[in-house]
Amino acid sequence: MIAHGDVDPRDRAQLDGAELIVAADGGTLALERWNFVPHAIVGDLDSLGVDRAAEFAALGVTVVPYAAEKDESDLELAIAYAVAAKADDIVLLGILGGARFDHEIANTLLMAADEFRGRKLRAVHGGTTVRVLHGGDTLELGGAAGDLVTLLAVRGDAEGIRTHRLKYPLGRETLHFGAARGLSNVVVSAGATVSCERGVLLVIETAGGGVS
């Protein structure tokens, strides 16, 4: 799944072996630069344009157009298309950065929606991976020693948080919505985990560490 935000050259590798590639409107342009043709294009086509969409349709691409005045974002509609197609491992590219900061926030918060729980949904931008942890679940981190991990409560406070193999441990503690306490933890060794009893967390992993 690729949206019309910034992409990193390393993101192209995420497309290798993908069974379904869906572009949310202008995300098609990034795929074109990478010499990939999507299986489907979903959205209002204000970025790609109707004429370009018709060119892709002539190549056999499924184009699902929507009116510009709609309640959902193009990314939201594209994810719904993938879910309807029985996708169970969804990688989001191009949801961060770009000219629209409001879209970046909306795209990130969209990942925390209840309907995507259990869908193995993650966003990737270069060395950064964003996933969501819901209450009652445990998430195994993919990072190596030295990688940064940020835990941010969304939709209210997140309670009963436990971490394993992180430098700054949490033992059944609460991260409050809007507070920065969960910023810039560090993986001590591979196999680190985070669990949460109640609430929703954004789990942001940054490979190679960085400035805290």
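The values are calculated or read from the model by the stated rules, or taken from the named source; none is laboratory data. Owing to the predicted nature of the structure, the values given are computational and were not obtained by experimental measurement. Backbone-built Cβ (ideal geometry, glycine too); neighbour counts: all protein chains shown. Areas reflect the complete protein model, heavy atoms only, side chains present, ligands, DNA and RNA absent. Shrake-Rupley method; radii C 1.70, N 1.55, O 1.52, S 1.80 Å.
Being surrounded by 17 or more Cβ atoms within 10 Å (Cβ to Cβ), touching a Ser or Thr at 6+ places or on another chain (Cβ under 9 Å) and over 17 Å from residue 2 (Cα atoms) is true for just one of 96, 133, 152, 110. Which residue is that?
Just a single option satisfies the conditions, and that option is 133.
Taking the range 147-191 as the region of interest, how many residues are free of Cβ contacts under 8 Å to residues at least 24 places away in the same chain and either within 19 Å of the chain's Cα centre (by Cα) or in a strand (DSSP E or B) (or both)?
3
With respect to the numbered conditions (1) more than 18 Å from the chain's Cα centre (by Cα); (2) open to solvent by 40 Å² or more (accessible area, probe 1.4 Å), which one is the sole condition not fulfilled by residue 102?
(1)
Check 43, 5, 49, 26 and return the single one that is open to solvent by less than 80 Å² (accessible area, probe 1.4 Å) and out of contact with any strand residue (DSSP E or B) (no Cβ under 9 Å at 6 or more places or on another chain).
Answer to the selection: 49.
Run residue 115 past the list (1) under 22 Å from residue 80 (Cβ atoms); (2) open to solvent by 20 Å² or more (accessible area, probe 1.4 Å); (3) in a loop (DSSP other than H, G, I, E, B) and report the number of the one that doesn't hold.
(3)
Inspect all residues belonging to the range 118-135 and state whether any of them is free of Cβ contacts under 8 Å to residues at least 60 places away in the same chain, under 20 Å from residue 193 (Cβ atoms), touching a His at 6+ places or on another chain (Cβ under 6 Å) and basic (Lys, Arg).
Scanning the range 118-135, I find no residue that is free of Cβ contacts under 8 Å to residues at least 60 places away in the same chain, under 20 Å from residue 193 (Cβ atoms), touching a His at 6+ places or on another chain (Cβ under 6 Å) and basic (Lys, Arg), so the answer is no.
Give me the pairs, please: first residue somewhere in the range 7-35 and in contact (Cβ under 8 Å) with a residue 12 or more places away in the chain, second residue anywhere and part of a strand (DSSP E or B) and charged (D, E, K, R), beta-carbon distance under 6 Å, and either six or more positions apart or on two chains.
That search, which allows pairs on different chains as well, returns nothing.
Quick one: in the range 57-74, of everything that is at pLDDT 95 or above and part of a helix (DSSP H, G or I), which residue is least open to solvent (accessible area, probe 1.4 Å)?
The selected residue is 57.
Specify the residue that is nearest to residue 14 (Cα to Cα); the eligible residues are those in the range 118-127 that are open to solvent by less than 50 Å² (accessible area, probe 1.4 Å) and either in contact with a Leu (Cβ under 8 Å, 6 or more places away or on another chain) or among the aromatic types (Phe, Trp, Tyr) (or both).
124
Looking at the range 193-212, which of the residues that are among the aliphatic types (A, V, I, L, M) and either touching a helix residue (DSSP H, G or I) at 6+ places or on another chain (Cβ under 8 Å) or modelled with pLDDT under 95 (or both) is farthest from residue 141 (Cα to Cα)?
Taking the candidates together, the pick is 211.
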